[in-house]
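Any read-out appearing in this document is the output of simple, stated calculations on the displayed coordinates, not a laboratory observation. Fair warning: this is a prediction, and the values are worked out from it, not measured in the lab. Cβ sites come from the backbone with ideal geometry, for glycine too, and all protein chains shown count toward neighbours.
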């Protein structure tokens with residue numbers, strides 16, 4: 001249980017440090033996540049715009065998010081990203097593409113489409129909808145700017161999460177193993193202890209000694225038999241003595 005407690009304390013400290021670092025980093029990185037301030041292009045309804053797009057990044061395939069402001073009754077976006085008359089591949093937003101709102105009084109942005117360019121070049125972004133502006137956002141670029149602005153804080157946050165989480169799981173496993181061992185030991189202690197070879201040998205000889213002692217102890221009717229026996233012996237002795245007296249008297 002000692003190791004389990006030590007690892008659990010280390011895990012708690014690392015996760016607490018990561019939480020504090022995340023709180024500090026989130027305040028500094030909010031501005032970089034605002035599509036209104038950091039974006040590749042903004043296109044009005046019924047218009048188009050040219051934009052230079054890179055297909056790769058230091059972490060692999062690059063994705064470009066098309067976002068719009070969330071409003072009641074907003075129509076679905078009708079957007080295209082074209083390179084040399086060929087449409088760029090795209091996917092529907094997933095659960096990781098959450099809505100963004102920097103402050104309570106700022107607009108809320110929602111991802112409506114994710115483009116995955118296969119090659120770098122100058123693309124044309126079309127907004128075919130009748131209303132609503134669209135923002136093309138490069139998330140990789142925003143994350144790079146966040147890392148450059150507060151590298152130490154991000155490093156502490158990532159380290160705390162990557163190490164503190166597994167340490168917490170290991171501590172829980174060790175605590176469970178220790179608890180099960182203690183419960184098994186307590187169950188064994190409730191029963192009689194197992195006899196060793198010496199105990200069996202001593203017990204066997206103790207029983208033999210008791211049997212010998214039982215043979216030496218007289219039975220309940222021994223007194224009667226002994227009295228009868230003593231009487232016979234006394235009579236025989238008296239007869240012998242009488243005979244001897246007569247012989248002595250007769251000279």
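The range 41-117 holds strands (runs of 3 or more DSSP E) entirely within its bounds, and those carrying 3 or more residues that are within 36 Å of the chain's Cα centre (by Cα) and surrounded by 12 or more Cβ atoms within 10 Å (Cβ to Cβ) map to 109-115.
The sole residue among 20, 10 that is free of Cβ contacts under 8 Å to residues at least 12 places away in the same chain, at negative phi, outside any strand (DSSP E or B) and out of contact with any strand residue (DSSP E or B) (no Cβ under 8 Å at 6 or more places or on another chain) is 20. So which residues in the range 118-131 are farther than 23 Å from residue 54 by Cα and surrounded by fewer than 18 Cβ atoms within 10 Å (Cβ to Cβ)? Scanning the range 118-131 gives 128, 130, 131. Tally time: how many residues in the range 23-40 are closer than 20 Å to residue 69 by Cβ, touching a helix residue (DSSP H, G or I) at 6+ places or on another chain (Cβ under 8 Å) and not in a loop (DSSP other than H, G, I, E, B)? Count: 2.
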